[in-house]
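Q: Encoded as structure tokens, here's the structure I'll be asking about.
The values are calculated or read from the model by the stated rules, or taken from the named source; none is laboratory data. Keep in mind it's a predicted model, so treat the numbers as computed, not measured. Glycine gets a Cβ as well: all are built from the backbone with ideal geometry, and neighbour counts include every protein chain shown. Areas reflect the complete protein model, heavy atoms only, side chains present, ligands, DNA and RNA absent. Shrake-Rupley method; radii C 1.70, N 1.55, O 1.52, S 1.80 Å.
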Amino acid sequence: MNEAQKLLAAAFAGELDLDADASGSSGVSAPEGTAAPANAESTQAATEAVAGAEAANTATTPGTVANASAQEEHEGAPIASKSGGYTIPYEKLTEARTARDSAIAERDQLRAQLEQMTAAQAANLQQGQAEAQARADAGKAPTQADQNLAAAKSLVDGGADASLFGSFSEEDIAAGINKLVADQVAARVEAALAPQREAQAREQAVTAEQLHAQKILDAHKDAFEVAESKEFASWKSGQPGYMQAAIDRTLQAGTAQDVIDLLGQFKQFHAGAAGAAAGDPTAAAVAKALADAKTEPPVSLSSLPGAAPAGTEAERAVALASDPAALLEYMSSLPRDRQTSLMNSVV
């Protein structure tokens with residue numbers, strides 16, 4: 001037992017000497033005769049109390065440390081996600097808390113307003129019915145307010161929204177009935193005009209489609225012819241898959257300007273290919289040989305790609321059709337007159 005525990009135990013046992021500090025002693029009186037045994041139980045109780053206090057202090061230490069650690073945590077520090085692999089900005093937590101608090105406050109406010117409205121409705125409805133009944137008992141004719149009240153109650157009993165009539169005061173009931181009548185009239189007018197509006201919408205759709213097509217035709221008079229041509233289909237099929245999808249999307253749902261740009265791009269490519277073929281006879285022969293090799297099946301073993309050279313120059317050119325570089329090299333090796341003769345034979 002340490003010095004503090006001894007002092008506390010002595011205090012509980014009544015043996016603490018307050019003048020002991022002056023003499024330098026421990027402050028615990030020495031037992032006299034049977035005094036110590038008489039106070040043994042008190043001393044034991046004091047010791048147990050000290051031990052219990054220390055245990056309680058030890059038990060609360062982890063919670064206190066954790067609380068202090070939480071308070072010391074920097075508010076701007078990011079928060080780990082559930083998986084632990086990512087972090088979420090602290091601002092997101094703040095926004096979520098703010099939104100939650102705002103939603104709770106709004107909910108409580110709406111709940112209070114609803115309770116207040118419900119109480120006002122019940123009170124005004126009861127008062128209005130009592131006044132209507134009093135007039136009826138007195139033999140008086142129902143007033144307009146009485147008729148409105150009866151109509152509103154009938155509508156609510158039939159499933160109408162009670163909030164339409166506000167607090168069920170005379171003014172709110174009249175306003176609710178007027179609104180209900182106006183809504184019914186508007187619905188009937190809308191139903192009567194619906195066929196005419198649908199016809200107008202169809203006409204506008206047709207007009208928009210015509211304007212769309214006309215704008216394209218103003219830029220490309222042969223737009224429909226080009227879009228349906230074999231050359232356009234071949235050009236599109238030569239594009240990457242994502243480009244083919246973009247071309248189809250442009251033709252089906254693109255703006256007029258998008259279609260104009262697409263057709264213009266194809267025409268530039270087509271004109272370049274046609275000009276190159278027209279200006280270079282060798283390139284034209286190569287292009288035709290490649291086209292024939294793609295569209296016509298081989299007629300002999302020598303026509304197969306990689307087969308042995310054929311006996312004639314024309315057969316040799318056809319055999320090399322699948323290898324443009326080799327075909328160009330072979331054509332360049334021939335004299336000019338034989339090149340012309342060969343091209344005439346394959347054209």
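Q: Within straight cross-link reach of residue 140, meaning Cα distance under 29 Å, which lysines are found once same-chain residues fewer than 8 apart are removed?
A: 153, 179
Q: Compute the Cα gyration tensor for region 103-198, then decide on rounded, prolate or oblate, letting a ≥ b ≥ c be the square roots of its eigenvalues: rounded whenever a/c is under 1.5, prolate when a/b is larger than b/c in the other cases, and oblate in all that remain.
A: It is oblate, given that a/c is not under 1.5 and a/b is not larger than b/c.
Q: Okay, moving on. How much of residue 161 can a 1.4 Å solvent probe reach, expressed as accessible area in Å² and rounded to 10?
A: The value for residue 161 is about 100 Å².
Q: A further question on this structure: Which far-off residues, 5 or more places away or on another chain, put their amide H under 5 Å from the one on residue 88, with H placed in the peptide plane?
A: Amide H neighbours of residue 88: 79, 80, 81.
Q: Name the trypsin sites (Lys or Arg not before Pro) in region 85-177 that are in a loop by DSSP and that have at most 11 other C-beta atoms within 10 Å, would you?
A: 140
Q: How much length is gained on full extension from residue 113 to residue 222, taking 0.36 nm per residue of separation minus their Cα-Cα distance?
A: Extra length from residue 113 to residue 222 when fully extended: 32.4 nm.
Q: Would region 223-265 count as rounded, prolate or oblate if I go by the C-alpha gyration tensor, calling it rounded below 1.5 in a/c and otherwise prolate when a/b exceeds b/c, oblate otherwise?
A: Taking the square roots of the gyration eigenvalues as a ≥ b ≥ c, region 223-265 is oblate.
Q: For residue 204 and residue 258, compute 0.36 nm times the residue count separating them, minus their Cα-Cα distance, and round to one decimal in nm.
A: Working it through step by step, the gained length comes to 17.3 nm.
Q: Shifting gears a bit: Hey, got the dipole for region 78-124? About the Cα centre, +1 on K and R Cβ, -1 on D and E Cβ, debye to the nearest 20?
A: My answer is approximately 200 debye.
Q: Evaluate the distance, in nm, between pseudo-label points positioned 7 Å from the Cα of residue 133 and of residue 314 along their respective Cα→Cβ axes.
A: 11.6 nm
Q: Sorting 251, 114 by accessible area (1.4 Å probe), largest first, what list results?
A: Highest to lowest solvent-accessible surface, that is 114, 251.
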